[in-house]
Each structure stands twice: as structure tokens, then as C-alpha cells.
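Below is one structure; the comments refer to it alone.
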Amino acid sequence: MGNTQSTRRPVAISKVMINFAKNHGVDTETCLFGTDISEHSLNDGAVLIEREQEMRLIENIMLALPNIPALGFKIGLCYNIATFGIWGFSLRTCRTLRDALNTALRFLPLSTAYCEINAFEEGGYFGLLMNPQSIPSHLREFLLERDMAASIIIIKELSLNEIQTMQTEFTTLDTTNSVYIESVCGVKPLYQSRRNAIRVPIKYIDKPQPTYDANLARLLSDQCARQLRQRQTGGIRDSVRNQILGDLGLMASLDDVASAINLSSRTLRRRLDHENTSFRALVEEERKQMAFQLLVSSD
């Protein structure tokens, strides 16, 4: 599936998470701390933010709401098709649910997804396979849950709520979240699976959608393609941040990170310079953020 890491996203989509946090007693200032996102921009549909800004926002919300079980799943359920603008509307106009989900995957970077998502069929089921390995480890569980929940909501909406039972699979051990997820999906999640996935009975996949409009579908597909080109950034700082927040850690050297992302040290240094930053500045920024998180969580 297409890479979502280098694509900017409308800040208005992040407002869903902020509203959830506010409903649980967290103020907007806390949510936006260190993100370089201004509060007045949240209602501006034209404002785009970088992936790293959204990740900082997520870190702040996770830090502020540490005791809410299935936090990512609950936030993911707050999204709906209309949240995503052109991308969401394009799904409505597709001929079948299969076509809609394939369109969703084709233009996946226009959604909130961080997982790599691919479709599959087996044993009378159509499924979405979700791979969270490219996500920094401390955000992996939250974003996997959010991606799954948002996908479940979209499938339910597209089927006009005809699909009420969906099987979820997780590679992790059973958690206290299972009862809540079962209440949403209608069936108990499978844990210690070989994959993270959602499965729905295949009988629903090729049923015609009542909102199908061939001309509008083509028009919206063209607009999605145009919007995707406009939003893609290819920023190298995201790649560096993923490495130092992931398996390499903050003690990694520039050479270590360059090797991990298949660049020479010289090229990495030059590309960071083009983005008006440096390896040292990125590492120092993350160290300060982690120190702040430790300070707050120890209160």
C-alpha cells in the first residue's frame, strides 16, 4: 500500500482528537503543546500539518489521558466519512463496497492512517491487513487501534450499517480492551494472531451501493489524485524521527540513521540542511520532549 509517512494532513482532522480530549477534561493548550499548531488554525480547512506535528499532538493526548483503556480505538470511532472531505465523499460514489475500499487504499495518505494497509480475501471473508511496524514504537498500539476503529466506522457507514459484525485480529496478548472492542464489532477479538486485521463476510463486498454515481466517482477520483500530489512532501526529518524514536533509539549516531534509511551520511546531512534542521537538533528536540513527558508523568 502507498506510504502515508510523507503526506501532510488537514489540521481540521486532528480536531477530532482534540475534541475527544476536551470531553475528558484536557484543554486545547495541553493538546497543542510543542506542535507548532495554532488554536485558531483548527477551523481552517486549508491548513495542512506535517506528520510529526500530528504525532506530537498524539503524544500529548496519550500523556494527558493515561488511564483510558482502548484510547486509540475510542478516538478512532469518533471519525466518520465526512471527516475526510474529498477522500470520504469519493468512497460514497463507488459502485460496491469492494470498489470503495480499493479506492480508500489507493488514496490512503488522504486519510488518518499510519499503518500500511492491504486488502485480502480468504475463507469467505474480505479483510484489511494492517501493518504498524513503520510507526514509532511508543505510538504503535494507539495508532493501530485508531486505524482499525476508523476503518470499522467507514465500513459500517458504507454498508449503511448492514454490516454489524466484524472480526478483529491482533498479534498482541489479550487485554482488558477486548470487552469494549467486542461491544463495537459484535464478536470477541482474536489475540496472538499472526496478523493485525479486520475481516467482514464477503457476501457484503460486491453488493451495489445506492449512492453509486459513475461520473461523480471519476471526478472525485481525479480530485483525490490531485490533492495527494499537493500534500506529499517527502521530508527526510520524518524518516530520521521514526528511526530515533524506534528501534535505533536516541543514542543512535547520524551514521546509524543514514544506514537504516539507505542514505550516505553526507546525503542525509545535506537533505536535513535543506529542511533547515540538523540531526543534532532533531535528537535534542526529542530528548527534551521525553524529559518533559517523564517530568509530567511523575507528578
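Inter-label distance, T267 to E162: 5.0 nm, where each label sits 7 Å from its Cα along the C-beta direction. What FRET efficiency comes out for R195 versus R287 if R0 is 25 angstrom and r is the Cβ-Cβ distance? Round to the nearest 0.05. Given R0 = 25 Å and the Cβ-Cβ separation, E is 0.15.
Remark: the I202-D27 segment gains 58.7 nm on full extension, using 0.36 nm per residue and subtracting the alpha carbon distance. Rounded to the nearest 10 degrees, the angle from helix 265-274 to the longest Cα principal axis of the chain is 80 degrees. Would you tally the net charge around K22, using a Cβ to Cβ cut-off of less than 13 Å, leaving K22 out, and scoring K and R as +1, D and E as -1? Net local charge, K22 excluded: -2. The modelled label-to-label distance between R280 and Q133, using points 7 Å beyond Cα along the C-beta direction, is 3.5 nm. The rule of thumb for compact globular proteins, 2.2 N^0.38 Å, goes into the C-alpha radius of gyration of the range 236-297 1.13 times. Can you give the angle from 0 to 90° between the axis of helix 51-64 and the longest principal axis of the chain, with both taken from C-alpha atoms, to the nearest 10? The angle comes out at about 90 degrees. Within the chain, the percentage of alpha carbon pairs spaced more than 36 angstrom apart rounds to 18%.
Computed from Cα atoms, the angle from the helix 279-297 axis to the main principal axis of the chain rounds to 70 degrees.
With a Cα cut-off of under 23 Å and a minimum spacing of 8 residues unless on different chains, the lysine pairs in the chain number 9. Restricting attention to the range 69-231, close to 95% of DSSP beta bridges with both partner residues there are antiparallel. Free of any GluC sites (Glu not before Pro) that DSSP assigns to a loop and that have at most 16 other C-beta atoms within 10 Å, the longest stretch within the chain is 1-161.
FRET efficiency for the K188 to Y212 pair, using the beta carbon distance and R₀ = 30 Å, is estimated at 0.30. Binning the C-alpha pair distances of the range 69-231 at 10 Å intervals from 0 yields a P(r) profile of 10, 41, 36, 12, 1 %, listed from the shortest bin outward. What is the distance in Å between the Cα centroid of the range 76-118 and that of the range 132-176? Result: 14 Å between the Cα centres. Net charge of the neighbourhood of I152, taken over other residues with C-beta under 14 Å away and scored Lys/Arg +1, Asp/Glu -1, is -2.
Every read-out reported here was derived from the displayed coordinates using simple, explicitly stated rules and does not represent laboratory data. Bear in mind the structure is a predicted one, so any value in this text is a computation, not a measurement. All Cβ positions, glycine included, derive from the backbone under ideal geometry; neighbour counts span all protein chains shown.
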